[in-house]
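Trainee: So that we are looking at the same thing, I have put the structure below in structure tokens.
The values are calculated or read from the model by the stated rules, or taken from the named source; none is laboratory data. What you are looking at is a predicted structure, and each value in this text was computed from that prediction instead of being measured. Neighbour counts run over all protein chains shown; Cβ positions are idealised from the backbone, glycine included. Ligands, DNA and RNA are stripped out before the accessible areas are found, and what is left, the full protein with its side chains, is counted by its heavy atoms. Shrake-Rupley method; radii C 1.70, N 1.55, O 1.52, S 1.80 Å.
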Amino acid sequence: MIMQDNEKKPALRFKGFTDPWEQRKLTNLCEKFTDGDWIEAKDQSDSGVRLVQTGNVGVTEYLDKPNNKKWISFETFEQLHCEEVYPGDILISRLPEPAGRACIMPNLGTKMITAVDCTIVRPNAVTSTRFLLQYLSSQAYFDAVNTCLAGGTRQRISRGNLAQFNVPIPSSKIEQEKIGEILEKLDTLITLHQRKYEKLVNIKKSMLDKMFPKNGASVPEIRFKGFTDPWEQRKLGDVADIVGGGTPSTNNPNYWDGDIDWYAPAEIAGQIYFDSSQRKITEQGYENSSAKMLPPGTVLFTSRAGIGKTAILSKKGCTNQGFQSIVPHNDELDSYFVFSRTDELKQYGELVGAGSTFVEVSGKQMAAMNLKMPTTIEEQQTIGRFFKRLDTLITLHQRKLEKLQNIKKSCLEKMFV
């Protein structure tokens, strides 16, 4: 591919750099460009030289997997004439997912080799390793990789194809380093928030397991101070009204674009609270449909395809027929308490809908669902507040993570030619 004049400079650039970028073959930027070694099970050992696998290669990140470490002996290393991997080398996984992902090898404190489906890339003296790694994480690069995949059920890209990739690159290594440095800092922040997010998700999963009684038990493993009474089993329909939805005729324009919030299942993916719907109906549309007005605090529960997605209404509204909504009785059921039990309700919903070609949970089935719950609304509310705070933190880190990922994506688009 030949660069056009208007393609020789990126849209976003560090001050002081004006020279047009060059385009070089990937292999010409490296002093080492070779595949790892074919290591069979019989060649492996309990210690010695570390065998780095494709599963250790993330997108710009080395993935440590303590429970899946593999080794070969120093004698085998010599006998097989293995290609040593050094700290600072780039490894490219030629296998999915995604094929072509790359990371810089850290110092693992021992000799290292890699698997045959990894390509070892050692940049030459005029090429920045950090810059090259960032190019190997760009969407343009992955798009190019996807055009070269070949093989059977598990496609891969060949080292020969990788070698011929055209890499847009500044002639100045200083400019390369500056670009690599700022994008590396973004990667560090992304990893930080990713780990915080994953940690909070795992904490929530653990708390959901421990703060609700297991089968056969009448009290949870972990409980807030001051609550000692055994939990009781109640039918959902005894502590809440189960309300279906409806859709006004789509052929009547007088029914649509009004002031009444009207929710569809696709809107609630990843949401907790709702205070405005994407589509609204008129008073006339509401009166001429089976939709029911739902109060704030109602837990929306998708009852058809994709059973079990939930959200809580912040203000009154109605839904289409893809929901069976849970309207808690005052002083009997806390909204966030039941919202936190989504997985339990979802599993039950799939069970009662099993065998149908179109899985669905009716209002009658929802009302018959059994839930163990505290005898006091105060304990429910305490549990609900705990999970609300946890969900707020999870959402905060998720949004920060998504924002950083979008910034990185934008930078890759604008800082590369």
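Trainee: Quick one: accessible surface of ARG13, probe radius 1.4 Å, all protein chains present, in square angstrom to the nearest 10.
Mentor: ARG13 exposes around 60 Å² with every protein chain in place.
Trainee: Where does each of 235-243, 70-78 land if you order them by average Cβ count within 10 Å, highest first? Please list the in-between numbers first.
Mentor: Values: 235-243: 18.7, 70-78: 16.9.
The densest-packed peptide leads the list: 235-243, 70-78.
Trainee: Could you tell me how far the Cα centroid of the stretch 208-254 sits from the Cα centroid of the stretch 394-417, in Å?
Mentor: After rounding, the separation between the Cα centres reads 37 Å.
Trainee: Quick one: net charge of ILE281's neighbours, Cβ under 9 Å, K/R +1, D/E -1? Walk me through the numbers on the way to the answer.
Mentor: Details: positive: ARG279, LYS280; negative: ASP257, ASP259, ASP261, GLU283.
Charge balance in the 9 Å sphere: -2.
Trainee: Follow-up. In a shell of Cβ-Cβ distance under 10 Å around PHE301, excluding PHE301 itself, what net charge do Lys and Arg (+1) and Asp and Glu (-1) give? Provide the component values of the computation, followed by the final result.
Mentor: Working: positive: LYS309, LYS346; negative: none.
Around PHE301, the surrounding residues sum to +2.
Trainee: On a C-alpha basis, how far is the centre of the stretch 320-343 from the centre of the stretch 142-197 in Å? Whole number, if you could?
Mentor: 45 Å
Trainee: If you roll a 1.4 angstrom probe over the protein chains with everything in place, what fraction of the accessible area of the chain belongs to carbon and sulfur, to the nearest %?
Mentor: 49 percent
Trainee: Given the -39500 (n - 2.57) contribution per DSSP H run of 4+ residues, what per-residue ellipticity at 222 nm results for the chain, rounded to the nearest 500 deg cm²/dmol?
Mentor: On the way: 11 runs with 133 residues, N = 417.
Result for the chain, helices only: -10000 deg cm²/dmol.
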